[in-house]
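Colleague: Next up is a structure, given as structure tokens.
The values are calculated or read from the model by the stated rules, or taken from the named source; none is laboratory data. No experiment lies behind these values; they were computed from the predicted model shown. Backbone-built Cβ (ideal geometry, glycine too); neighbour counts: all protein chains shown.
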Amino acid sequence: MSAVDDGIKPLGKPVRILTPEVSVISRLQRMWAERELLVFMVSRDLSVKYKGSALGFAWSFLNPALTLAIYDFVFSVALHNPVPDFAIYLMCGLVIWNFFFNSVLTACASVVNNSGLIKKVSFSREILVLSSMGTAAVFFFFQAIILTVVLALFHLVPQTPYVYLVPLALVVLIIFTSTLSIFFSAVNVYFRDTYHILEVLLMAWFWATPTVYTWQVASSGLTHHHLTWIYLADPIAPIILLMQRAFYGNPLAGVARTAGMKVPPPAPHTHYLANFDLSWYLKDFGIVILVSSILFVLSLKLFGKLEGNFAEEL
């Protein structure tokens with residue numbers, strides 16, 4: 001620890017405050033102790049978002065439903081996308097991407113947007129980042145409900161055993177998203193262009209994931225083995241591929257859409273999906289969890305070193 005401030009400010013030289021070294025375990029324990037504050041901030045963000053709205057939280061369901069309908073119309077009707085039941089395929093990727101995008105981008109600006117709170121109240125600054133992720137998680141829940149409704153409308157059921165890996169995929173998503181969110185939230189305090197650069201990068205990143213196009217299209221364009229490896233090194237891509245395999249690639253989608261009639265099950269949609277077995281997903285998720293956990297610890301350490309001057313920079 002080296003933090004000395006005797007009130008004398010040298011002319012022409014800004015005073016820099018070095019934060020005492022706090023272990024990652026201590027930071028995590030303090031965040032857990034302040035979990036009620038986290039819940040309060042998430043509730044506050046949700047209330048502010050829908051304040052004065054006639055429909056209120058109904059927009060949480062209408063927004064993803066309308067977005068899904070627009071995407072489905074554009075790609076299935078206007079562009080004649082050959083993928084059957086494209087709405088389900090699209091939604092499987094969108095629920096993952098929307099959580100990741102909203103979490104990282106909102107968290108990036110979370111410290112700057114709460115400058116007044118930071119200057120007045122002592123609390124774990126990481127709570128601001130986690131509250132952004134918590135708000136995104138609430139919308140993820142609403143979108144998952146929409147996905148469930150769409151599955152029911154199309155008479156589809158999740159495909160085992162891939163569906164059993166979905167909780168693990170969500171753990172991977174949370175760890176990876178937390179790592180980026182904490183890192184960019186701290187850096188954005190010192191370099192305000194970070195938010196705008198990140199916004200552009202995330203827009204490009206979206207088109208680098210198999211969300212609005214199939215793995216069949218992506219793999220055909222990745223003619224070189226190293227390009228495929230680089231594409232799949234993106235932690236978000238395998239999560240989306242698993243979601244599509246679990247909820248879209250059901251070869252037993254069987255009840256006829258003709259009222260009161262049963263017909264043979266439709267042809268499986270699996271040829272549009274990545275042909276990876278369970279062991280591949282387990283291996284990939286294990287690597288991502290290991291690497292993301294290490295980067296998460298480093299992000300917390302960086303956040304701790306930079307937060308001492310947050311008030312001065314803000």
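Colleague: Among the residues of the stretch 112-134, write down those that are surrounded by fewer than 19 Cβ atoms within 10 Å (Cβ to Cβ), out of contact with any Lys or Arg (no Cβ under 9 Å at 6 or more places or on another chain) and modelled with pLDDT of 85 or more.
Modeller: ASN113, GLY134
Colleague: Could you say which residue among ASP234, ASP277 is at pLDDT 65 or above and closer than 30 Å to LEU130 by Cα?
Modeller: Details: ASP277 fails: closer than 30 Å to LEU130 by Cα.
It is ASP234.
Colleague: Just one of THR177, THR160, THR135, THR194 is polar (S, T, N, Q) and without any contact (Cβ under 8 Å) to a residue 40 or more places away in the chain; which is it?
Modeller: Details: THR177 fails: without any contact (Cβ under 8 Å) to a residue 40 or more places away in the chain; THR135 fails: without any contact (Cβ under 8 Å) to a residue 40 or more places away in the chain; THR194 fails: without any contact (Cβ under 8 Å) to a residue 40 or more places away in the chain.
Exactly one of THR177, THR160, THR135, THR194 is polar (S, T, N, Q) and without any contact (Cβ under 8 Å) to a residue 40 or more places away in the chain, namely THR160.
Colleague: Oh, and also: The conditions are (1) surrounded by 18 or more Cβ atoms within 10 Å (Cβ to Cβ); (2) more than 12 Å from the chain's Cα centre (by Cα), and ALA204 fails exactly one of them. Which is it?
Modeller: (1)
Colleague: While we're on this one: If you check PHE61, PHE40, which single one turns out to be at pLDDT below 80 and part of a helix (DSSP H, G or I)? Spell out the reasoning first.
Modeller: Details: PHE40 fails: at pLDDT below 80.
After ruling out the rest, the residue left standing is PHE61.
Colleague: Given the criteria out of contact with any strand residue (DSSP E or B) (no Cβ under 9 Å at 6 or more places or on another chain), at pLDDT 90 or above, part of a helix (DSSP H, G or I) and within 20 Å of GLN244 (Cα to Cα), does VAL171 qualify?
Modeller: Numbers: out of contact with any strand residue (DSSP E or B) (no Cβ under 9 Å at 6 or more places or on another chain): yes; at pLDDT 90 or above: yes; part of a helix (DSSP H, G or I): yes; within 20 Å of GLN244 (Cα to Cα): yes.
Yes: the conditions hold for VAL171.
Colleague: For the stretch 228-246, which residues satisfy the criterion of being aliphatic (A, V, I, L, M), out of contact with any helix residue (DSSP H, G or I) (no Cβ under 8 Å at 6 or more places or on another chain) and in a helix (DSSP H, G or I)? Break it down into steps so the answer makes sense when it comes.
Modeller: Within the stretch 228-246, the first condition is being aliphatic (A, V, I, L, M), and the residues that meet it are 230, 232-233, 236-237, 239-243, 246.
If we keep only those that are out of contact with any helix residue (DSSP H, G or I) (no Cβ under 8 Å at 6 or more places or on another chain) too, we end up with 230, 233.
Hit for the stretch 228-246 is ILE230, nothing else.
Colleague: In this structure, is VAL95 of a type outside the set (Lys, Arg), crowded, with 16+ Cβ neighbours inside 10 Å and under 20 Å from ARG192 (Cα atoms)?
Modeller: So VAL95 fails the test.
Colleague: Would you call GLN216 over 17 Å from the mean Cα position of the chain (by Cα), in a loop (DSSP other than H, G, I, E, B) and on the phi < 0 side of the Ramachandran plot?
Modeller: No, not satisfied.
Each row is one residue, and each column tells you yes or no for (1) modelled with pLDDT under 75; (2) in a helix (DSSP H, G or I); (3) surrounded by fewer than 11 Cβ atoms within 10 Å (Cβ to Cβ).
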| site | (1), (2), (3) |
| --- | --- |
| VAL15 | yes, no, no |
| GLU21 | yes, no, no |
| ILE25 | no, yes, yes |
| LEU28 | no, yes, no |
| MET31 | no, yes, no |
| ARG44 | no, yes, no |
| HIS80 | yes, no, yes |
